[in-house]
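Chemist: Mind having a look at this structure? Questions to follow.
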Amino acid sequence: MSTRFNHRRTFLRGASAGSLALLGASLPLSAVRAAAAQAAAAQAADPWQEARAIADRLQMPVKFRKVDYTITDFGAAPCRLVPVKAWISFEEQETVKTPAPGSKDCYAPIRDAIARCHAEGGGRVVIPKGDWFCAGPIVLLSNVNVHLQAGAHVYFSNDPRDYAKYGDVDCGANGKLVVSRWQSNDCLNFSSMIYAHNQTNIALTGDDWTAILDGQGGVPFAGSSDCWWTWKGKNMTINSVAQDKSPNYVPGKLAQNQPNPNNPKSLAEIVPGLLDEKRRLIQGEGDKWRADDAFLPALSEAGVPIEKRVFGLGHYLRPPMIHLVGCTGVLLQGYQVTHTPFWQHHPVACRDLTIRKVYANSLGPNSDGFDPESCDGVLVDGCQFDTGDDCIAIKAGKNLDTQFGPSQNIVIQHCIMHSGHGAVTLGSEMSAGIQHVYAQDLVFQNKNWATNPLNIAIRLKTNMNRGGFLRHFYVRNVSIPNGVQTTPSFYATLPGSPIPDRSVAAAAGGVITFDCDYTPRADNVRIRPPEVSNVHISNVKVGNVATKDGKRFSSYQAVVILGPVAFDYNGPDPRPEVLPVRDITITDCDFGTPSNLDKPWFLYNVRNLKLNNVTIAGKKVNTTLSA
């Protein structure tokens, strides 16, 4: 199948690794190993030197011909706007503007401008100042920079059918779909609003944040009071704050987490040779596995190829706003993205990608700001995030979809975060692993702390299903002037678990939270223990805010580390080793005053957590902890 993922990579880590590879042809193996060991030792001594090298290399990963193709020359015309009452977050509605019925569709003019630019050797496709209606995806091609001038506002159609019209794969009644990943599982699905597959040297840029890409995620569908965000379904977090509803959702309505009658009643209908024992493990009890967000992971566990993982029309998996698959040399810069149906930016299996001075501004369900997945070489620089889910969430495959390897060599710097579940997050979909991540010089401003607080500042989430590894994660110089959520939120644990419900504030309330038991009830197959080691966090400063009772707190707890829970394993014997979270250092940090001051940290299955020069409620802590 020509549209299957075929972007196979054998990446070398940085220039030093490349030099070693070249030398290897002429040097003895012992010399090559010695040089590699010396390079590893140098990084261990100063990991930030490696971060600087990555950032320097990715300052400008693209280059284009200086030729412009303006979309009005291809028939595009601006649209008239009318008011509409729409959702702007989980719970709030406002009157916003939307293209008037009958507006000129700019899909074809933008497509034709990109095609001409690409065919003639590349350049810049310009979207001028004005309001533009686009009823289909903007598909990026190699050597093309799609550029929005100041004041350009692209309103993408909020009709799901418009993203099942133009894909490369004709799936009959499900529509013409594209190769995609949804929550880290491969599938054929709706196109994103901006899409690229296996392209090289591409860019999406804007003059400033008045250049807006608008997904209209909260604008009701024609003839309905539902919108893209309704498809989220019921939120399962216990004691959540300002994020406990999906717009216009009521129990029983079809959504991504409700059994879909369009899905088969048994995996035996799709994989007739699947052993009954394995089928029962994957499906679990009842028919919850037939909900789209569980059915897709089940297909992965059963080894079903992507051409048989068909979603689109008749299903409820919302597309990301900007989805780049298997691309090399990518620049995202200088625009605002808002009201996205799902994740705002989702690059998968990309190499050498820079996102700079982008405003990720969407408060709807699952509105993650930036989710690089199995990417090698990423620079996030000078961006701002106000999101309905994680601001940044690094991913790396889920279930058996790990063919693109780990996410690695990622630098996050000079960014500002506001609302969100986690400011800098790793996981939860991380089955292929995450390593060599550097986050520095950040402000978690949390400007909406009184009504929609940042849940967690620095966050890891995985479980016995997602597994994977996290290693070599470095954080320094983080200011959190308005703290994080000062009350606890929880995830439901498995019956009989040594972790009782409502006992660990892993969903919200910790400044630093490593959750290796993330939503275990969501996964039927729990056979892959995660491994977390070598994490170093320094110079995090957390301020206090006034709570409703007049007291001043910074968080619920300073540190929450819930290591892997061996009880959750449900596979065959022999059981794999379940390792503790280990070799974590937290140095020169001031966590303010947690509201749970009697228990400022929670630890489970943790070894060798070092707190050096750490201040909690004005008192210094120097200790090494295991639990």
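Chemist: How much length would be gained if the chain were fully extended between Asn235 and Ser503, taking 0.36 nm per residue of separation minus their Cα-Cα distance, in nm to one decimal?
Modeler: Here the answer is 94.6 nm.
Chemist: Sorted by packing (mean other beta-carbon atoms within 10 Å per residue), highest first, where do 323-334, 536-547, 225-236 land?
Modeler: Order by mean packing, descending: 323-334, 225-236, 536-547.
Chemist: Looking at the range 33-161 only, what percent of DSSP beta bridges run antiparallel? Nearest 5 please.
Modeler: 35
Chemist: With labels modelled as points extended 7 Å from the Cα through the Cβ direction, what inter-label distance (nm, one decimal) is found for Lys253 paired with Leu81?
Modeler: 2.6
Chemist: With each run of n ≥ 4 DSSP H residues scored as -39500 (n - 2.57), what mean residue ellipticity at 222 nm is computed for the chain after dividing by its residue count and rounding to the nearest 500 deg cm²/dmol?
Modeler: On the way: 6 runs with 69 residues, N = 627.
Calculated at 222 nm, the ellipticity per residue is -3500 deg cm²/dmol.
Chemist: If you don't mind, there's one more thing I want to ask. Rounded to the nearest 5, what is the percent of antiparallel bridges among the DSSP beta bridges in the chain?
Modeler: 15
Chemist: Evaluate 2.2 N^0.38 Å with N set to the residue count of the range 422-529, then give the Cα radius of gyration divided by it.
Modeler: 1.13
Chemist: Could you size up the charge dipole of the chain around its Cα centre, putting +1 on the beta carbon of Lys and Arg and -1 on that of Asp and Glu, and report it in debye to the nearest 20?
Modeler: On the way: 61 positive and 56 negative charges, 96 e Å.
For this selection, approximately 460 debye.
Chemist: Using 0.36 nm per residue of separation minus the Cα-Cα distance, give me the extension gain between Lys278 and Arg161 in nm, one decimal.
Modeler: Working it through step by step, the gained length comes to 38.6 nm.
Chemist: Calculate the length of the line joining the C-alpha centroid of the range 164-218 to that of the range 267-342, in whole Å.
Modeler: 15
Chemist: On to the next question. Using Cα-Cα distances under 8 Å and only pairs 6 or more residues apart, what relative contact order does the range 369-493 have, in percent?
Modeler: 25
Chemist: Keeping all protein chains in place, calculate the accessible area per residue for the range 75-216 (probe 1.4 angstrom), answer in Å².
Modeler: Normalised by residue count, the accessible surface of the range 75-216 is 36 Å².
Chemist: Tell me, in nm to one decimal, what length is gained between Arg65 and Glu120 on full extension, where the rule is 0.36 nm per residue of separation less the Cα-Cα distance?
Modeler: 18.8 nm
Chemist: If you work out Cα extents along the principal axes in Å from the coordinates, which of (1) 67, 63, 60; (2) 77, 70, 65; (3) 99, 61, 49 do you get?
Modeler: (1)
Chemist: What does the highest-first list of 213-224, 405-416 look like by mean Cβ count within 10 Å?
Modeler: 405-416, 213-224
Chemist: Taking the Cα centre of the range 200-358 as origin and charging only Cβ (+1 Lys, Arg; -1 Asp, Glu), how large is the dipole, in debye to the nearest 20?
Modeler: With Lys and Arg at +1 and Asp and Glu at -1, about 180 debye.
Chemist: If you don't mind, there's one more thing I want to ask. Please report the carbon-and-sulfur percent of the accessible area for the chain; probe 1.4 Å, protein heavy atoms only, DNA, RNA and ligands left out. The partial results should precede the final answer.
Modeler: Values: 11800 of 23330 Å².
Summing carbon and sulfur atoms, their accessible area is 51 percent of the total for the chain.
Chemist: Could you sort 264-276, 240-252, 336-348 so that the peptide with the highest average Cβ count within 10 Å comes first and the rest follow in order?
Modeler: So the order, starting with the most tightly packed, is 336-348, 240-252, 264-276.
Chemist: Please work out the FRET efficiency for the pair Lys541 and Glu577, using the Cβ-Cβ distance as r and a Förster radius of 35 Å; give the result to the nearest 0.05.
Modeler: The calculated FRET efficiency here is 0.40.
The values are calculated or read from the model by the stated rules, or taken from the named source; none is laboratory data. For clarity, every value in this text was computed on a predicted model and none was experimentally measured. Cβ atoms come from the backbone with ideal geometry, glycine included; neighbour counts cover every protein chain shown. Accessible surface is based on the protein model in full, side chains and every heavy atom, while ligands, DNA and RNA are left aside. Shrake-Rupley method; radii C 1.70, N 1.55, O 1.52, S 1.80 Å.
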